[in-house]
Structures are given as C-alpha cells and as structure tokens.
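Reviewing the structure listed below.
The values are calculated or read from the model by the stated rules, or taken from the named source; none is laboratory data. Bear in mind that the values here come from a model prediction, so they are computed numbers and not experimental data. Cβ placement follows ideal geometry from the backbone for every residue including glycine, while neighbour counts extend to all protein chains displayed.
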Amino acid sequence: MTEVRDIAIPDDVDGIFVGGGHNALICAAYLARAGMKVVVCEASDRIGGGTTTDEITLPFFRHNLHAYFVRWTPEYAVWNDLELGRFGVRSIYPPVQNALPFDGGERVLVTYSDLDRSLDEIAKLSRSDAAAYRELHEEFSELTRRVDTPLRFSEPMPPEQLQDLLGRSRLGRRYLELDRRSPLEVVRGAFENEALRSLILFNVSVRGYLPNLDVPGIGSIAALALANSHQGRMVEGGTYEVAKAIASSLLAAGGMILTNARVERVVVDNGRATGVELADGRRIDTSGFVASSAPAPITMLELVGGEHLDSGLRDDLAQYRWLEEALFGVHWALSDRPRLTAEAYNPDAPAALNLALGYETSDDLVAHMRAVNAARNVADGPIHSSIPTIHDPSQAPSGRHTTFGWHFVPGPPTRGGWDSAAVRDRVDAMVRTYRTYAPNIEDATLAITSHSPDATERRVISMRGGDRHHGSFHPDNWQWNRPTAAMPGYRTAIEALYLCGASQHPGGSFHGQPGYNAAGVIAGDHGVEAWWRPVHAAEALAELD
Ligand SMILES: Cc1cc2nc3c(=O)[nH]c(=O)nc-3n(C[C@H](O)[C@H](O)[C@H](O)COP(=O)(O)OP(=O)(O)OC[C@H]3O[C@@H](n4cnc5c(N)ncnc54)[C@H](O)[C@@H]3O)c2cc1C
C-alpha cells in the first residue's frame, strides 16, 4: 500500500479511468497509443475486473471465476490493434465446440468447429433440421459479419435511422424481421428436434438472455448465437492472461495503472468533470476527461451524484433494468476428468468447449427462465460446463483436471442472501446434475469451491448482485436504449465525463466493444487522430445488398 501511495501521479493528465476491467483498459490503451496521458484507477488489488484466473481450490489448479468462453483470436480487431500476441496471449480453438447430452445422458448432440461434421451429427436426429441448419448457418454468418459486427463496433444509432438503413437491403430487412421476434420463436420456428433447439437456445441463454428468451425485439441474437457457436475459444493459461496483455499494451504506450485505488467521487465543476477523489483521500485532476467503467447508474447517481442531473435522467437511471439473472459457480479440482455416460454414444463429448448439462429439451430452458423471472430457484441444478484441462493441461498439475459449472439463479432478488444454507443447496443441486451425466465426478473430486453472485460482487464491485453484464439485455435496455434513451452511447449529461464499460452499447461479455467504441468517441471529441481504423456502421449498412 505504501509503495502505491508513493507513486507520483502527474499534475495534469489527459484522462482518468474509473475501474481497470478489460473495457477500461482497452479504451485507455487505444488513447495512450494515440499519445494521450492516461491513468487507470482500479479499486481491487488486481486489474481485469471479470477476467479472473485464480487457484481457489488447491495450489496449481487454475480456475476462471468469471469470463472463460471468449472470441479472442489474432484476427480480432482489438487483439490486432493492441498487439496482444506480442504481449503473450494465446487462444485455443477446440475442434469439438458443443455437447448437449439427452435421454438422461445416454445420447448426446455434439457440434464442431467444422460445419460438415456438425451437420452429420444433427442429421442423425433430424435430416430436415440438418438441411435447415446448413442454410441458416450460412445466412446467419453473413448477418453476423455484415450487420451485427459493424453495429456492435460503432456508437448506437437512433432507432429511426437504424430502421431506415436496415430497411433498404435484403439482409437488413431479414435482420429486422428476426429482431421483431423472440429468440424462442426464431429457434422453434426453424428446427423440430428438441436437443438441437435446446443447444441453440442454450447458446443464446449463456450470453445473458435466459430471462428474455420469450421477449420479442431481440430475435437476432439467435442468429449470432448459432453462427458463433462454432467459433468458441478459451485462453491458454486462463482468461486473466488477456487482461495482463491489454495492461502491458497500455503500459508500453506510457499509460499508468493504480490498483487499490477506489474512486469515491467524480469531481464536477460547473457541469464539467475535472477529476476524481479516491477512497484513500488522494485526488487526481484533469483538464481532459474522466471515463468510467462502473455501470451507468452507479457512476451517475453515486460517483457523480443525482444533484448534478435533471430529474428525468435521474429517474431513468434509478429505474435501470439490471440483469435479471446471475451465475452461481462451482469449481472442482479433480484427480481424473469427468467421464460422461454419453461418451459411449459419441466419444468426443467431454472435449466440447461448451457442455450443456441438464437442458435436454427447450422446455427445460423455458422452465428455468420462468423460475428465474419468478425469483425462484429450480429444483435441480442444470449447468454450463467445460473441462478446460483437456485443452490446456497447464491449468492443473500434470495428469490432474479442473471443471466448473455455472448455474442460473435469480439476480437482484438474491443479492446479499447467499448464506451457507443457500450456497449448500445450490452446490448440492449442481453436483447432482453433474453426477447424472458423469457418474465419476464425486470419486474424482479432490476439492470443490463455490462462487456465489455475492462472492462475484465482493471480487468485482461493479457487478452488483453478480450482474456480469452491468444491465439486462431486454429490448428496453438494448442499442439506443442502453443505458437509457435519455443518455445513449458513451457521452453523459456531464461534460467531459464518458462511460466505457459493459452498461454501454453493446453490453457485457468479454469482447471489449464498449471500451473500443468509447475510445473512438473520446478521441474525436478531443481532436485526437484515431491511429486505428474505426468502424462506421452507417457506411457498412448502406453497402448491404
Ligand atoms: C460468473 C461469470 C461468468 C462469466 N463468463 C463469461 C464468459 O464466459 N464469456 C464472456 O465473454 N463473459 C463472461 N462474463 C462476463 C464478463 O466477465 C463481463 O461482462 C465483463 O467482465 C465486463 O467487463 P467490464 O470491463 O465492462 O467491467 P468489469 O469486468 O466489471 O470491470 C470493471 C472494473 O471496475 C472496477 N471498479 C468499479 N467501480 C470502481 C470504482 N468506484 N473505483 C475504481 N474501480 C472500480 C471493478 O473493480 C472492476 O475491476 C462472466 C461473468 C461472470 C460474473
């Protein structure tokens, strides 16, 4: 602590960041590389926010407590721009991508990075679904590449402009048509086999959409989930390696990072952000900007203070739509890998990056959605799982393994309620589910640890109640409405104060898009030339056929 206090902070910096999660680090790194003098203030003793890799069970067993499934590849714009390969990141692309056991675990649907192998597996269940899947995979991949990606890598557009631009092309109209429906409607309308329906809806749900599966207005997420479900990756050594590499890229460009530096107040002078006050009494001033990666309502109502906002905005933010669910995590250190009963049917199953255990039909997901929305837990413990050490033996001692399960629980209603009885109930339910599909799980267990939504918040203070996406993905909180139509995008009602975290378009997950987009806006506002090639969604959409 003394060493941290002794670091001399320059008298006047160009920009101050609240929080050192991946979005703030990315935004800071782009601007530092553009020549701006920036300082990142992180409350925790470590950077990275929800990119934690920790030995929480036994020494040398590494567990990814938060983000694990990623899309970081050397082709990804942020990876390329910030030279993450040079700073040590290696991503792993497992050829077996998804496995969903059904018939009580006797059979399993497996899909691969290779489309044809996936279609062979789907055809065993339904030939007509395999034909539909081939067609939709092609169409949805194009939609993702030409519509969804430019939209995510740009400032959100006013709804009228977006509708107008999309309405001019075949692809755009298809996107609009999907979006008018709910993810459930899109998937059930396209496929007949229940295991396949469940697998696609599972890939929608794990992105944060479980509570809104039946809500019209976000159906296009099914296109993204289907196309990207063959693109999943993980990070060698654990996800924290990416945060370290982004931080290294920032430091190499002259940026500064302070840990144990919780921002208590954003200083506002005559309607302009002029600095921050830290919980330990230090103050940092700037004549440039402050950018916060804490969620919008927390930044504006708590760090700035509602007295600086007009009453309409204050009310909007006070009624902010937080994510309706949270993840309850269980992490295992194992002497042997889980042996799935379904391996007799398809031996590739355990090597799937995504393992869906306990969602045998789309009705199982719908039942879980209803329970979460009614603030109830389900009786059993269906889980999103993976066995990281099959792909990356460095994450455990030689010959040993790790696995984990993430299980949906109601979000805001359970905040602060994870006492030992509540934790034990969910751990037991999840172990029961794992045992159903891998009967050796308990015999192979060397140690087991839980990570409740409360534990997530203790670790990452921006994730209130474990809200990993800093807000819901309901259409009321999507695109131009994120965090509120009264203050869309990255600028705020306070001059020189920006938002750059997951509560901003296009929301949470470990993709860095809010941070990337905010960097473009801040650079533009401060007359700094972008050295990277910013994406212009309006131009991309205008070129669609
Ligand atoms: C259990 C779980 C599993 C997940 N799995 C995945 C996954 O597999 N794939 C995926 O893509 N995503 C996953 N996520 C989501 C992903 O981790 C988040 O969406 C992402 O971390 C958000 O990044 P961010 O930088 O916007 O915010 P955060 O990661 O929340 O970082 C914000 C940072 O700001 C700091 N901070 C907040 N307030 C202050 C303050 N006042 N002063 C100083 N510092 C402050 C916090 O300490 C934190 O370090 C998961 C999350 C959880 C919880």
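Looking only at residues that are touching a residue at least 60 places away in the same chain (Cβ under 8 Å) and of a type in the set (Val, Ile, Thr) in the range 186-213, which one is nearest to LYS124 (Cα to Cα)? In this case the residue turns out to be VAL187. If you go through the range 230-249 and pick out every residue that is away from the ligand (no atom under 13 Å from the Cβ) and not acidic (Asp, Glu), you end up with 6. Going through the range 276-296 one residue at a time, which ones are surrounded by fewer than 20 Cβ atoms within 10 Å (Cβ to Cβ) and under 17 Å from ALA43 (Cβ atoms)? The answer is GLU277, LEU278, ALA279, ASP280, GLY281, ARG282, ARG283. Based on this model, can you work out whether MET430 counts as hydrophobic (A, V, I, L, M, F, W, C), touching a strand residue (DSSP E or B) at 6+ places or on another chain (Cβ under 9 Å) and within 9 Å of the ligand (Cβ to nearest atom)? No, not satisfied. Of the residues examined, VAL290 is one that is within 15 Å of the ligand (Cβ to nearest atom), more than 28 Å from SER450 (Cα to Cα), touching a Gly at 6+ places or on another chain (Cβ under 9 Å) and at pLDDT 95 or above. Among the residues of the range 412-430, the ones that are hydrophobic (A, V, I, L, M, F, W, C), surrounded by 11 or more Cβ atoms within 10 Å (Cβ to Cβ) and more than 24 Å from SER462 (Cα to Cα) come to 3 in all. Within the range 113-140, restricting attention to residues that are of a type in the set (Gly, Ala, Ser) and free of Cβ contacts under 8 Å to residues at least 60 places away in the same chain, the residue that is surrounded by the most Cβ atoms within 10 Å (Cβ to Cβ) is ALA130.
The rows are residues; the columns are (1) β-branched (Val, Ile, Thr); (2) touching a residue at least 12 places away in the same chain (Cβ under 8 Å); (3) more than 11 Å from the ligand (Cβ to nearest atom).
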residue	(1), (2), (3)
ASN260	no, yes, no
GLU264	no, yes, no
ALA273	no, yes, yes
GLU277	no, yes, no
THR299	yes, yes, no
LEU303	no, yes, no
LEU313	no, yes, yes
LEU317	no, yes, yes
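The one condition from (1) under 22 Å from ARG173 (Cβ atoms); (2) in contact with a helix residue (DSSP H, G or I) (Cβ under 8 Å, 6 or more places away or on another chain); (3) surrounded by fewer than 16 Cβ atoms within 10 Å (Cβ to Cβ) that ARG146 does not meet is (3).
Among the conditions (1) within 14 Å of the ligand (Cβ to nearest atom); (2) closer than 25 Å to GLU529 by Cα; (3) touching a Lys or Arg at 6+ places or on another chain (Cβ under 6 Å), the only one that ASP14 does not satisfy is (1). Out of SER362, SER335, SER394, one residue alone is in contact (Cβ under 8 Å) with a residue 24 or more places away in the chain, hydroxyl-bearing (Ser, Thr, Tyr), crowded, with 21+ Cβ neighbours inside 10 Å and on the phi < 0 side of the Ramachandran plot. It is SER362.
Of the residues making up the range 20-71, those that are more than 8 Å from the ligand (Cβ to nearest atom) and among the acidic types (Asp, Glu) are ASP45, ASP54, GLU55.
The residue pairs whose first member lies in the range 397-421 and is touching a residue at least 12 places away in the same chain (Cβ under 8 Å) and in a helix (DSSP H, G or I), whose second member is among the aliphatic types (A, V, I, L, M) and surrounded by fewer than 23 Cβ atoms within 10 Å (Cβ to Cβ), and whose beta carbons are closer than 6 Å, counting only pairs six or more residues apart or on different chains, are PRO413/ALA375. Considering (1) more than 30 Å from CYS41 (Cα to Cα); (2) crowded, with 18+ Cβ neighbours inside 10 Å; (3) under 21 Å from the mean Cα position of the chain (by Cα), the lone condition that THR299 does not fulfil carries the number (1).
Find the helices (runs of 4 or more DSSP H) located wholly in the range 446-545 whose residues include 3 or more that are more than 12 Å from the ligand (Cβ to nearest atom) and in contact with a Leu (Cβ under 9 Å, 6 or more places away or on another chain), and list them.
513-525, 537-542
Of VAL267, VAL276, VAL215, all but one fail to be out of contact with any helix residue (DSSP H, G or I) (no Cβ under 6 Å at 6 or more places or on another chain), among the hydrophobic types (A, V, I, L, M, F, W, C) and over 30 Å from LYS37 (Cβ atoms); the exception is VAL215.
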